[in-house]
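In what follows, a single structure is set out as C-alpha cells and then discussed.
The values are calculated or read from the model by the stated rules, or taken from the named source; none is laboratory data. Predicted model only: the values in this text are computed from it and were never measured. Virtual Cβ from ideal backbone geometry, glycine too; neighbours counted across all protein chains shown. These accessible areas exclude ligands, DNA and RNA; they are computed on the full protein's heavy atoms, side chains included. Shrake-Rupley method; radii C 1.70, N 1.55, O 1.52, S 1.80 Å.
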Amino acid sequence: MSSPEISISLKRLDHGAGLPLPAYATAHAAGLDVVSAEDVTLAPGARHAVATGFAIAIPEGYEVQVRPRSGLALKHGVTCLNTPGTIDADYRGEVKVILANLGAEPFEVKRGERIAQLVPAAVQRAAFAEVKELDETARGAGGFGSTGR
Ligand SMILES: O=c1ccn([C@H]2C[C@H](O)[C@@H](COP(=O)(O)OP(=O)(O)OP(=O)(O)O)O2)c(=O)[nH]1
Ligand SMILES: [Mg+2]
C-alpha cells in the first residue's frame, strides 16, 4: 500500500527552462531524480553546489532530502557531500545539489543529467527540555563500538 502523495509547488528559474522536472524513474522509486541545470567539471577532490534551475515550497511538516545516486557513487566516486541534504519547508531559494568528486578522475556534469534524488519526508519537530538527571538504561554511556565490532 502506498501513502498518498503530497504536492510540492515548484517554480522554474530562468536557467531551468526546458529541463525535466524531478521525476520517479520507476513505479515504486523512493526518490525523484533531479537533473543538473549547468555544465560543470568537478576535478578530483572538488565540490560544487550544482544548480537545479528551480525553487520549491514544501508543505509545513515536511522536508525534502537530497540524496546521492548510487551509480554515480560506485562508478565515479561522485556523491552528495552533505548527504542527506536538507531542504527546509521555508526555503525559497534555488535547490542545489552539493556534489563532491571523491574519485581519481575529473567528472563532467552535463546540463540535463541526473545528479541526485529528492526524497520528501515527514518532519518530527521537538523542543529540548533541560533536566538534572537522565533516566538510566542498560546501555548507559556505551557507544561507538561498545557492543563489539
Ligand atoms: O543539499 C542542499 C542542502 C541545503 N540546501 C538549501 C535548502 C535548505 O533549506 C538551506 C539550508 O540548508 P542547511 O540548513 O542544511 O544549511 P545551513 O548551513 O544550516 O544553512 P542555513 O544557515 O541557511 O540554514 O539550503 C540545498 O539547496 N541543498
Ligand atoms: Mg540550517
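Annotations for the structure displayed:
- Check on LYS11, farther than 28 Å from LEU102 by Cα and not in a loop (DSSP other than H, G, I, E, B): yes
- Listed by first and then second residue, the pairs with beta-carbon distance under 7 Å, at least 6 apart or on different chains, first residue in region 81-110 and under 23 Å from ASP14 (Cβ atoms) and open to solvent by 80 Å² or more (accessible area, probe 1.4 Å), second near ligand 1 (Cβ under 10 Å from one of its atoms) and assigned to a strand (DSSP E or B), are ARG92/ALA55; LYS96/ALA49; LYS96/VAL50; LYS96/ALA51; LYS96/THR52.
- Filtered by the rule that a residue be at positive phi and open to solvent by 100 Å² or more (accessible area, probe 1.4 Å), region 111-149 gives a lone residue, PHE144.
- Taking the criterion of being open to solvent by less than 30 Å² (accessible area, probe 1.4 Å) and within 23 Å of ALA89 (Cβ to Cβ), the residues of region 36-56 that qualify are ALA37, VAL50, ALA51, THR52, GLY53, PHE54, ALA55, ILE56.
- Condition met for TYR62 (farther than 20 Å from ARG111 by Cα, of a type in the set (Ser, Thr, Tyr) and open to solvent by 30 Å² or more (accessible area, probe 1.4 Å)): yes
- Applying the criterion of at least 1 residues that are more than 14 Å from ligand 1 (Cβ to nearest atom) and polar (S, T, N, Q) to the strands (runs of 3 or more DSSP E) found wholly in region 47-136 leaves 94-101.
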